[in-house]
Amino acid sequence: MGITKISLSYFRNHKQKEVDFSNGLTVIWGENGSGKTSVLEAIHMLSLGKSFRTNRQKNLIMDGEDSFVISGDFLKEKAKDKISTQYKNTGKQFIKINGKAISGRKDLIGRNNVVVLSPEEQSITKGAPETRRRFFDKVFSVVSLDYFKTVQKYNRLLRQRNAILNKIRDGRGGAQEVYGWDEQIATEGVRLWSLRSSFIKIYSELLGSIIKKYDEPLIVQIITKKQKKDRDVYLEQLKETQLYDIKTGRTTFGPHRENISFLLNKKDLKIYGSQGEHKICLVLLKLAEMCLVKEKTGFFPTLLLDDLFSKLDLARSEKLVGLLSSLETETKDPLQTIITTTDMIDVEKSGILYKNKQTKTHHLERKCST
């Protein structure tokens with residue numbers, strides 16, 4: 001079991017709303033603008049401390065209000081969690097676990113995991129390399145506290161080094177000031193590169209297993225530039241790019257610049273992939289993410305599917321349902337799935353309602369936010 005209930009106050013267009021969930025399948029349906037996706041967004045916030053749709057948390061507060069509050073009940077085996085978060089328009093966020101305030105997201109991440117598949121996520125295959133780096137960093141941080149801490153430390157050092165570069169560029173310092181930061185960022189950069197490489201290897205193997213079960217002639221590869229993970233080489237590269245870095249005010253070498261790409265049947269997916277190929281590759285990537293979480297934590301994450309069956313044709317929808325069913329059968333573990341849709345017929349045609357006996361449905365009506 002994952003989440004059992006959620007309460008929303010002044011979140012998006014929900015003034016006050018409670019939704020309860022099955023440990024199997026929950027379908028949330030209604031017309032566009034009724035707040036279906038917002039429910040998934042709120043679940044994501046309770047799991048990861050932030051939205052999957054926007055980085056501007058103020059946008060989540062209902063118009064005319066000064067804060068939103070979300071709380072949710074979670075169940076894992078016999079352990080219960082009550083998690084709540086409040087965000088004020090002053091920019092302050094407060095998170096509590098079982099009534100106790102926590103200082104940051106690190107105590108939240110990995111506690112009650114979710115995997116979300118929504119139209120916004122398509123940028124993983126279609127967008128810039130930065131989007132793919134963020135995707136993998138998020139996935140690996142969820143299953144490894146060590147990875148999460150390394151990413152946090154590296155990003156903090158990167159911001160500090162960039163601040164020094166800007167200072168030097170503006171004539172307020174000398175080049176020697178950057179050397180101390182180079183030593184630290186090289187250490188963490190090598191570590192991050194090494195961890196990311198190891199996890200991508202594991203993830204790629206899981207992706208290959210998922211594709212075999214999908215039963216289509218697809219070969220999806222994750223491509224990264226081979227990088228010698230050596231601190232001395234890293235430091236030398238920072239010295240070579242130092243003048244350019246000062247000119248631009250940005251660090252131009254390191255794992256934050258790694259170009260991760262996907263090949264579909266040996267062709268660059270971003271360049272040559274059709275709309276349908278992008279959609280199905282995203283589905284496969286997300287299922288691999290789900291299996292990685294299961295392998296590393298022992299539990300399936302809650303799967304959040306945002307209007308998925310209207311985006312896939314019937315044949316692919318049925319294959320996806322078959323895949324989800326086979327994963328549950330093989331592991332003998334339940335997979336909590338929460339689906340949003342504008343049309344129940346799309347969900348019924350997919351066959352997922354008949355694959356899962358424990359089902360709840362919620363109908364949301366479009367309401368004015370005032």
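Here are the numbers:
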| item | result |
| --- | --- |
| Residues located in the stretch 258-276, provided they are surrounded by fewer than 19 Cβ atoms within 10 Å (Cβ to Cβ), in contact (Cβ under 8 Å) with a residue 60 or more places away in the chain and part of a helix (DSSP H, G or I) | Lys270 |
| Selection status of Val233, in a helix (DSSP H, G or I), among the β-branched types (Val, Ile, Thr) and either touching a Cys at 6+ places or on another chain (Cβ under 8 Å) or modelled with pLDDT of 95 or more (or both) | no |
| Flag if Lys267 is assigned by TED's automatic domain parsing to the domain that holds Lys239 and either of a type in the set (D, E, K, R) or in contact with a His (Cβ under 6 Å, 6 or more places away or on another chain) (or both) | yes |
| Every pair of residues 6+ apart whose Cβ atoms lie under 8 Å, when the first sits in the stretch 277-291 and is closer than 15 Å to Lys126 by Cα while the second is surrounded by fewer than 24 Cβ atoms within 10 Å (Cβ to Cβ) and basic (Lys, Arg) | His278/Lys126; Lys279/Lys311; Lys279/Arg316; Ile280/Arg316; Val283/Arg316 |
| Test: Asp20 is touching a residue at least 60 places away in the same chain (Cβ under 8 Å), surrounded by fewer than 17 Cβ atoms within 10 Å (Cβ to Cβ) and touching a strand residue (DSSP E or B) at 6+ places or on another chain (Cβ under 8 Å) | yes |
| Where Thr341 falls short, out of the listed (1) buried (at least 17 other Cβ atoms within 10 Å of the Cβ); (2) free of Cβ contacts under 8 Å to residues at least 40 places away in the same chain; (3) touching a helix residue (DSSP H, G or I) at 6+ places or on another chain (Cβ under 6 Å) | (2) |
| Test result for Val220, free of Cβ contacts under 8 Å to residues at least 60 places away in the same chain, in the same structural domain as Arg132 (by TED's automatic domain parsing) and among the aliphatic types (A, V, I, L, M) | no |
| Tally of residues being at pLDDT 95 or above and in a loop (DSSP other than H, G, I, E, B) across the stretch 18-61 | 1 |
| Helices (runs of 4 or more DSSP H) contained entirely in the stretch 299-370, each with at least 2 residues that are at pLDDT below 85 | 314-331, 352-355 |
| Sole exception among (1) outside the structural domain of Leu264 (by TED's automatic domain parsing); (2) surrounded by 15 or more Cβ atoms within 10 Å (Cβ to Cβ); (3) within 26 Å of Leu8 (Cβ to Cβ); (4) not hydroxyl-bearing (Ser, Thr, Tyr) for Gln358, by number | (2) |
| Given (1) assigned to a loop (DSSP other than H, G, I, E, B); (2) closer than 20 Å to Leu40 by Cα; (3) among the charged types (D, E, K, R), number of the condition Glu65 does not satisfy | (2) |
| Residue satisfying all of: in the stretch 236-257; among the β-branched types (Val, Ile, Thr) and not in a loop (DSSP other than H, G, I, E, B); nearest to Lys167 (Cα to Cα) among these | Ile246 |
| Leu282 vs. criteria surrounded by 15 or more Cβ atoms within 10 Å (Cβ to Cβ) and of a type outside the set (Phe, Trp, Tyr) | yes |
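Let's see how each residue does on (1) in contact (Cβ under 8 Å) with a residue 60 or more places away in the chain; (2) surrounded by 23 or more Cβ atoms within 10 Å (Cβ to Cβ):
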{"residue": "Val293", "(1), (2)": "yes, no"}
{"residue": "Lys296", "(1), (2)": "yes, no"}
{"residue": "Asp306", "(1), (2)": "yes, yes"}
{"residue": "Leu314", "(1), (2)": "no, no"}
{"residue": "Ser317", "(1), (2)": "no, no"}
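The values are calculated or read from the model by the stated rules, or taken from the named source; none is laboratory data. Values in this document were obtained by computation on a predicted structure and should not be read as measured data. Neighbour counts run over all protein chains shown; Cβ positions are idealised from the backbone, glycine included.
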